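Here the structure comes first, spelled out in structure tokens, and everything after it is commentary.
The values are calculated or read from the model by the stated rules, or taken from the named source; none is laboratory data. Model, not experiment: these values are computed from the prediction. Reconstructed Cβ throughout: ideal geometry from the backbone, glycine too, with neighbour counts over all protein chains shown.
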Amino acid sequence: MPAAESAAEVLVERDGAVAVLTLNRPKALNALSVPVMKALAAALESAETDEAVRAIVLAGSPRAFAAGADIGEMKDLAGSGEAEAALSEHLARWDKVGRCPKPTIAAVSGFALGGGCELALACDLIVASETAVFGQPEVQIGVIPGAGGTQRLTKAVGKALAMDMVLTGRRLTAREALAAGLVSRVVAPEALLDEAKGLARRIAELAPLAVRAAKAAAAAAADRQLDAGLARERGLFYRLFDTADQKEGMRAFAEKRPPLFKGK
Ligand code: DAK
């Protein structure tokens, strides 16, 4: 991988053994559209296969790590069949992050909502800026988290807080996320990238095979029964595309008005 390479949607920077992948769609708060996730998957793959890369930092912009999957791309999907056909390849790219064998660190500043929160949760560690805001607001637009939020969030913060978040869309500040065990460090906004890179460099200096084994072993504890939970979540997510409330919720967002849900 070249030392510095910039694609439109994801910027790739190499700093020694650390690859920094930066989501770069700031005007849409890094909404995770198909092109963004394709670019991220490609950048991740290249960092994974590059033997000189020992740790990966995933970052966003100051205002948003990512405000979720792109609602515009989903809002008119006619039903569960169409949603699954249209989204499964796109959404499988979230899984790539969770399955990456190298240590991954999310550097979160600003909004990490919906699929953005799930992307951060799929990383091994989250370092947050004091401005970070975490949430799973999908229920406010007629769906549920579909990229692991109901599973990984519950494992990270426990049932009570996870239920509060997924049932109401409650957001956590960086300090609340630290107290809840969702993130491991909170730093000033200007220190975020240095902190994440420093952490990545520290990991990159250690014995690579031991690091990989440590990650695999810790993941086995954290991810116990994850696959069954993910499959259940995914099935429920797609089924919601058969409802009028999903259309109403997403269209209302696009039209910048409050949704009117009817339970249909
Ligand atoms: N999608 C598309 N555009 C978005 C967006 C999103 N998620 N979030 C923000 N934007 C766009 C806005 O439309 C706006 O565009 P313009 O109007 O300027 O063209 C621009 O970003 C700035 O946003 P706002 O004007 O809304 O900025 P505010 O500061 O007023 O509000 C906000 C910021 C983050 C509170 C607000 O934008 C917001 O509520 N955004 C939506 C958050 C949300 O609901 N996220 C969850 C989306 S659903 C799956 C994988 C993934 C997923 C599902 C399944 N599988 C593996 C099966 C994920 C689903 C989701 O993430």
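Just a few scattered comments:
- Filter result for Arg93 (of a type in the set (Lys, Arg), touching a Leu at 6+ places or on another chain (Cβ under 9 Å) and at pLDDT 95 or above): no
- Applying the set (1) within 16 Å of the ligand (Cβ to nearest atom); (2) under 17 Å from the mean Cα position of the chain (by Cα) to Ala231 leaves exactly one unmet item: (2).
- When Gly81, Gly72, Gly60 are checked against the criterion of being at negative phi, at pLDDT below 95 and out of contact with any Cys (no Cβ under 7 Å at 6 or more places or on another chain), Gly81 stands alone in meeting it.
- Only one entry in Val10, Val108 is free of Cβ contacts under 8 Å to residues at least 40 places away in the same chain and surrounded by 23 or more Cβ atoms within 10 Å (Cβ to Cβ), namely Val10.
- In the range 144-165, of all residues being closer than 14 Å to Leu236 by Cα and either among the polar types (S, T, N, Q) or part of a helix (DSSP H, G or I) (or both), the one that is nearest to the ligand (Cβ to nearest atom) corresponds to Gly149.
- Residue pairs whose Cβ atoms lie under 8 Å apart, separated by 6 or more positions or on different chains, with the first residue in the range 111-134 and over 18 Å from Val187 (Cα atoms) and the second surrounded by fewer than 24 Cβ atoms within 10 Å (Cβ to Cβ) and of a type in the set (Asp, Glu), are Ala122/Asp95.
- Subset of the range 37-54 [touching a helix residue (DSSP H, G or I) at 6+ places or on another chain (Cβ under 9 Å), closer than 24 Å to Gly68 by Cα and not charged (D, E, K, R)]: Met37, Leu40, Ala41, Leu44
Yes/no matrix, rows are residues, columns are (1) surrounded by fewer than 24 Cβ atoms within 10 Å (Cβ to Cβ); (2) of a type in the set (Gly, Ala, Ser):
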residue: Ala83; (1), (2): yes, yes
residue: Arg93; (1), (2): yes, no
residue: Asp124; (1), (2): yes, no
residue: Val127; (1), (2): no, no
residue: Glu130; (1), (2): yes, no
residue: Met163; (1), (2): yes, no
residue: Glu176; (1), (2): yes, no
residue: Ala179; (1), (2): yes, yes
residue: Glu195; (1), (2): yes, no
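- Residue ranges of helices (runs of 4 or more DSSP H) in the range 1-119 with at least 3 members near the ligand (Cβ under 10 Å from one of its atoms): 71-74, 80-99
- For Met74, the conditions (1) buried (at least 17 other Cβ atoms within 10 Å of the Cβ); (2) under 11 Å from the mean Cα position of the chain (by Cα) are fulfilled apart from (2).
- Residue within the range 209-227 that is within 11 Å of the ligand (Cβ to nearest atom), out of contact with any Leu (no Cβ under 8 Å at 6 or more places or on another chain) and of a type in the set (A, V, I, L, M, F, W, C) present: no
- Out of Phe253, Phe261, one residue alone is touching a residue at least 40 places away in the same chain (Cβ under 8 Å), assigned to a helix (DSSP H, G or I) and of a type in the set (Phe, Trp, Tyr). It is Phe253.
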